[in-house]
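K.L.:
Just dropping this structure here.
The values are calculated or read from the model by the stated rules, or taken from the named source; none is laboratory data. Model, not experiment: these values are computed from the prediction. Counting neighbours? That spans all protein chains shown, and the Cβs are built from the backbone with ideal geometry, glycine included. When the accessible area is computed, the model is the full protein with side chains, heavy atoms only, and any ligands, DNA or RNA have been set aside. Shrake-Rupley method; radii C 1.70, N 1.55, O 1.52, S 1.80 Å.
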Amino acid sequence: MLAPGTVVFGLLYYFGSTYITSYYSYFGILTSDLQLSSQSYVVSSDDALFLPVWFLFCCGLVVLLAFGLLERAVSGGGRSLRRRATRGLLGAGVVLTLLGFVVFLSPGWWNDAVVARLRPGAVREFLPTLVVALGAVMGICAVHLRLAHRRRPGAHRSADRLWLVGGSLFTAMLVLSLFFSMARYAHDAGLAQAGNDARSHYPDRPLVRVYSRLPLAHDLPDVARADLGTGHGPYRYRYQWFVLLAKSSGRYYLVNRSWHPSSDNTVLLLPDNDSVRVDVLGRAS
């Protein structure tokens, strides 16, 4: 069995790495080249988890309140009403949960006939898995109604075991659907944040000044170059207004402030050695 802390750390690492990987993939950078630590991924997980966790807490509160009202109404309506409510919840939960196989396998006919008809955006991305989560919740509520109001203790123990197995399956499907949705959200959030940074000219990234022994060959506009002459020492050429996008143990990843994928610019990779000297100037904003 895994300790709760290990499970939480593993989830934070997974969602943080998904967010960081999608963020740098926007610029064509592989996170394996950056050699980020596990702590860096965990720290970045708050950007990927805050909104969906807050949303799930709100939904959980609504579900608890609604189920409490339903259970009170069913308890005062007699055995027949309780049986109909249990069967209705179970039937709807099974139908909606079976959609999970379609959602997770993503066959071609599903993508072409259903997903393609939805407008791009949050509905298209998250509605299918949230429908599965709703079905799983309805199935769990049905199991709770059945087991909480059995006629006498010890009766129909074999049937109760079947209901417990069904409740476990519904719970597993709920966890899988929520995990799938949160992973997709982390991926989309990373791409969205990268696009926002590019459009706003990287307000949270530092500007750097580069001194080089040899002229740098690059296609980035808005970068000022100055030849300081031989009397300036080994670093003769100075380049200003680069933005430091990332740094690994052996490379600097630089862009200009107007860099955007549609502008056909590239990310400049500089080696972290004595051929260049990089001075950090502060934030770009």
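K.L.:
Going residue by residue through the range 197-213, is there one that turns out to be of a type in the set (Gly, Ala, Ser), touching a helix residue (DSSP H, G or I) at 6+ places or on another chain (Cβ under 9 Å) and either touching a residue at least 40 places away in the same chain (Cβ under 8 Å) or not in a loop (DSSP other than H, G, I, E, B) (or both)? Can you show your working first?
P.N.:
Here is the first cut: in the range 197-213, the residues of a type in the set (Gly, Ala, Ser) are 198, 200, 212.
Checking which are touching a helix residue (DSSP H, G or I) at 6+ places or on another chain (Cβ under 9 Å) leaves us with 198.
Okay, now just the ones that are also either touching a residue at least 40 places away in the same chain (Cβ under 8 Å) or not in a loop (DSSP other than H, G, I, E, B) (or both), so 198.
Yes; the residues of the range 197-213 include at least one that is of a type in the set (Gly, Ala, Ser), touching a helix residue (DSSP H, G or I) at 6+ places or on another chain (Cβ under 9 Å) and either touching a residue at least 40 places away in the same chain (Cβ under 8 Å) or not in a loop (DSSP other than H, G, I, E, B) (or both).
K.L.:
A follow-up question, please. Would you tally the residues in the range 214-246 being open to solvent by 80 Å² or more (accessible area, probe 1.4 Å), assigned to a loop (DSSP other than H, G, I, E, B) and modelled with pLDDT of 85 or more?
P.N.:
1
K.L.:
Further question on the same structure: Does the range 247-256 hold any residues that are in contact with a strand residue (DSSP E or B) (Cβ under 8 Å, 6 or more places away or on another chain) and part of a loop (DSSP other than H, G, I, E, B), and which are they?
P.N.:
Initial filter on the range 247-256 (in contact with a strand residue (DSSP E or B) (Cβ under 8 Å, 6 or more places away or on another chain)): 247, 250-256.
Once the filter is applied, which keeps residues that are in contact with a strand residue (DSSP E or B) (Cβ under 8 Å, 6 or more places away or on another chain) and part of a loop (DSSP other than H, G, I, E, B), the range 247-256 yields only Gly250.
K.L.:
Still on this structure: Working carefully through the options Asp47, Asp33, find the one that is touching a residue at least 60 places away in the same chain (Cβ under 8 Å), crowded, with 17+ Cβ neighbours inside 10 Å and acidic (Asp, Glu). Before you say what the answer is, go through the steps one by one.
P.N.:
Numbers: Asp33 fails: crowded, with 17+ Cβ neighbours inside 10 Å.
Testing whether each residue is touching a residue at least 60 places away in the same chain (Cβ under 8 Å), crowded, with 17+ Cβ neighbours inside 10 Å and acidic (Asp, Glu) leaves just Asp47.
K.L.:
A follow-up question, please. Scanning the range 85-100 for residues that are open to solvent by 40 Å² or more (accessible area, probe 1.4 Å) and more than 13 Å from Ile140 (Cβ to Cβ), which turns out farthest from the chain's Cα centre (by Cα)?
P.N.:
The qualifying residue farthest from the chain's Cα centre (by Cα) is Arg87.
K.L.:
Tell me the residue from Val123, Val94, Val63 that is at pLDDT below 75 and of a type outside the set (S, T, N, Q), please. Don't jump to the end; show me each part of the working.
P.N.:
On the way: Val94 fails: at pLDDT below 75; Val63 fails: at pLDDT below 75.
Result: Val123 is the single residue among Val123, Val94, Val63 that is at pLDDT below 75 and of a type outside the set (S, T, N, Q).
K.L.:
Turning to a different aspect of this structure: If I ask for residues that are open to solvent by 30 Å² or more (accessible area, probe 1.4 Å) and of a type in the set (D, E, K, R), which ones from the range 178-213 would you list?
P.N.:
Arg184, Asp188, Arg199, Asp204, Arg205, Arg209, Arg213
K.L.:
Can you tell me which of (1) crowded, with 19+ Cβ neighbours inside 10 Å; (2) touching a Ser or Thr at 6+ places or on another chain (Cβ under 8 Å); (3) modelled with pLDDT under 85 is the one Trp259 doesn't meet?
P.N.:
If we test Trp259 against (1) crowded, with 19+ Cβ neighbours inside 10 Å; (2) touching a Ser or Thr at 6+ places or on another chain (Cβ under 8 Å); (3) modelled with pLDDT under 85, just (2) comes out false.
K.L.:
Search the range 51-84 for residues being within 14 Å of Val137 (Cα to Cα) and in contact (Cβ under 8 Å) with a residue 12 or more places away in the chain, and hand back the single one that is surrounded by the most Cβ atoms within 10 Å (Cβ to Cβ).
P.N.:
If we take residues in the range 51-84 being within 14 Å of Val137 (Cα to Cα) and in contact (Cβ under 8 Å) with a residue 12 or more places away in the chain, then Phe67 is surrounded by the most Cβ atoms within 10 Å (Cβ to Cβ).
K.L.:
Moving on to the next point. Would the range 134-149 turn up any residue that is farther than 19 Å from Ser177 by Cβ, modelled with pLDDT under 70 and open to solvent by 40 Å² or more (accessible area, probe 1.4 Å)?
P.N.:
Yes: the range 134-149 contains one or more residues that are farther than 19 Å from Ser177 by Cβ, modelled with pLDDT under 70 and open to solvent by 40 Å² or more (accessible area, probe 1.4 Å).
K.L.:
Determine which single condition His187 fails, assuming it passes every other condition in (1) outside any helix (DSSP H, G or I); (2) touching a residue at least 40 places away in the same chain (Cβ under 8 Å).
P.N.:
(1)
K.L.:
Here's another thing I want to ask about it. Name the residues in the range 70-96 that are under 26 Å from Thr129 (Cβ atoms) and out of contact with any Leu (no Cβ under 8 Å at 6 or more places or on another chain), would you?
P.N.:
Leu70, Arg87, Gly88, Leu90, Gly91, Ala92, Gly93, Val94, Val95
K.L.:
Sticking with this one: Quick one: in the range 7-30, of everything that is assigned to a helix (DSSP H, G or I), open to solvent by 60 Å² or more (accessible area, probe 1.4 Å) and of a type outside the set (Ser, Thr, Tyr), which residue is modelled with the lowest pLDDT?
P.N.:
Val7
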